[in-house]
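Enquirer: Quick one: the structure is below, questions incoming.
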Amino acid sequence: MQSITLTKQQLQQMITHVDAQAPLEACGLLAGLDSKVESVIEVANQAQSAVQFVMEPVGQLKAFEWMESNGMELIGIFHSHPAGPETPSPTDIKEAAYDVVNVILARVDDQWRARGFWIEDGTFKEVLLQIQ
Ligand SMILES: [Zn+2]
């Protein structure tokens with residue numbers, strides 16, 4: 001996947017969610033079709049950690065059920081790095097479980113920045129986030 005498309009409102013929803021959880025990491029799912037995000041689904045970070053996230057399994061299951069009943073697919077996973085960096089951590093690379101875009105929201109100089117990455121075979125490359 002070369003890019004995903006999301007709206008300014010969807011980006012703002014992610015930023016509001018991760019900002020409210022900081023300094024802990026926050027996470028969620030991006031549901032949609034093809035490469036267009038239709039819904040941002042917030043999921044609790046069970047790890048309650050500043051350097052790691054583990055999606056709370058019941059919330060994650062409910063999100064998948066909601067996607068299925070609404071004819072949507074998982075196209076992205078987002079999580080925050082409240083203290084940076086903007087790129088996937090070694091743990092993110094090791095634990096990437098789905099072939100979807102990984103959106104990382106990193107707080108740099110008090111501003112949240114979002115970047116997309118494709119993680120595969122122990123490495124990552126950047127994916128364009130098209131904000132409309
Ligand atoms: Zn991470």
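Enquirer: Kindly report the accessible area of the chain per residue (heavy atoms of protein chains, probe 1.4 Å, no ligands, DNA or RNA), in Å².
Expert: Heavy-atom accessible area per residue stands at 54 Å².
Enquirer: State, to one decimal in nm, how far the label point of GLN2 lies from the label point of SER89, with both points 7 Å from Cα in the Cβ direction.
Expert: The modelled label-to-label distance comes out at 3.3 nm.
Enquirer: Hey, another quick one. Determine the relative contact order of the chain: mean sequence separation of Cα pairs under 8 Å and six or more apart, normalised by residue count, in whole percent. Can you show the working numbers first?
Expert: Working: 271 pairs, mean separation 34.8, N = 132.
Taking the mean separation of contacting Cα pairs over the length of the chain, I get 26 percent.
Enquirer: Now a separate question. For region 1-108, which trypsin sites (Lys or Arg not before Pro) are both in a DSSP coil and crowded by at most 15 other Cβ atoms within 10 Å? List each step's numbers first, then the result.
Expert: Numbers: sites: LYS8, LYS36, LYS62, LYS94, ARG107; in loops: none.
Here no trypsin sites (Lys or Arg not before Pro) fit, given the DSSP loop and packing criteria.
Enquirer: Where Lys and Arg each count +1 and Asp and Glu each count -1, what net charge lies around PRO23 among other residues with Cβ under 15 Å from its Cβ?
Expert: Numbers: positive: ARG107; negative: ASP19, GLU25, ASP110.
Here the count lands on -2.
Enquirer: Can you give the relative contact order of region 1-53 as a percent, counting alpha carbon pairs under 8 Å and 6+ residues apart? Mind showing how you got there, number by number?
Expert: Numbers: 68 pairs, mean separation 19.4, N = 53.
So the answer I get is 37 percent.
Enquirer: Could I ask something else about it? Per DSSP helix of 4 or more residues, -39500 (n - 2.57); summed, then divided by the residues of the chain. What does that give at 222 nm, rounded to the nearest 500?
Expert: Details: 3 runs with 33 residues, N = 132.
After summing the helix terms and dividing by residue count, I get -7500 deg cm²/dmol.
Enquirer: Straight-line reach from LYS8: which aspartates and glutamates fall under 13 Å, measuring Cα to Cα and dropping same-chain residues less than 8 apart?
Expert: Answer for LYS8, where 13 Å is the Cα cut-off: GLU38, listed by chain and number.
Enquirer: When DSSP assigns beta bridges and you keep just the ones with both residues in the chain, what percent turn out antiparallel, to the nearest 5? Don't jump to the answer; show the numbers that get you there.
Expert: Numbers: 26 of 37 bridges.
Looking only at bridges with both residues in the chain, the antiparallel portion is about 70 percent.
Enquirer: Something else about it: Straight-line reach from LYS36: which aspartates and glutamates have Cα under 18 Å away, leaving out those fewer than 8 places along the same chain?
Expert: Those aspartates and glutamates meeting the cut-off are GLU68, GLU73, ASP99, GLU126.
Enquirer: For the chain, with all protein chains present and a 1.4 Å probe, just round the carbon and sulfur fraction of the accessible area to a whole percent. Don't skip to the end; give the middle numbers.
Expert: Working: 3510 of 7150 Å².
C and S atoms contribute 49 percent here.
Enquirer: Okay, moving on. Among the DSSP beta bridges whose two residues both lie in region 78-132, what percent are antiparallel, rounded to the nearest 5? Mind showing how you got there, number by number?
Expert: Numbers: 12 of 16 bridges.
The answer is about 75 percent antiparallel.
The values are calculated or read from the model by the stated rules, or taken from the named source; none is laboratory data. Predicted model only: the values in this text are computed from it and were never measured. Heads up, the Cβs are rebuilt from the backbone with ideal geometry, glycines too, and the neighbour counts pull from every protein chain shown. Accessible surface is based on the protein model in full, side chains and every heavy atom, while ligands, DNA and RNA are left aside. Shrake-Rupley method; radii C 1.70, N 1.55, O 1.52, S 1.80 Å.
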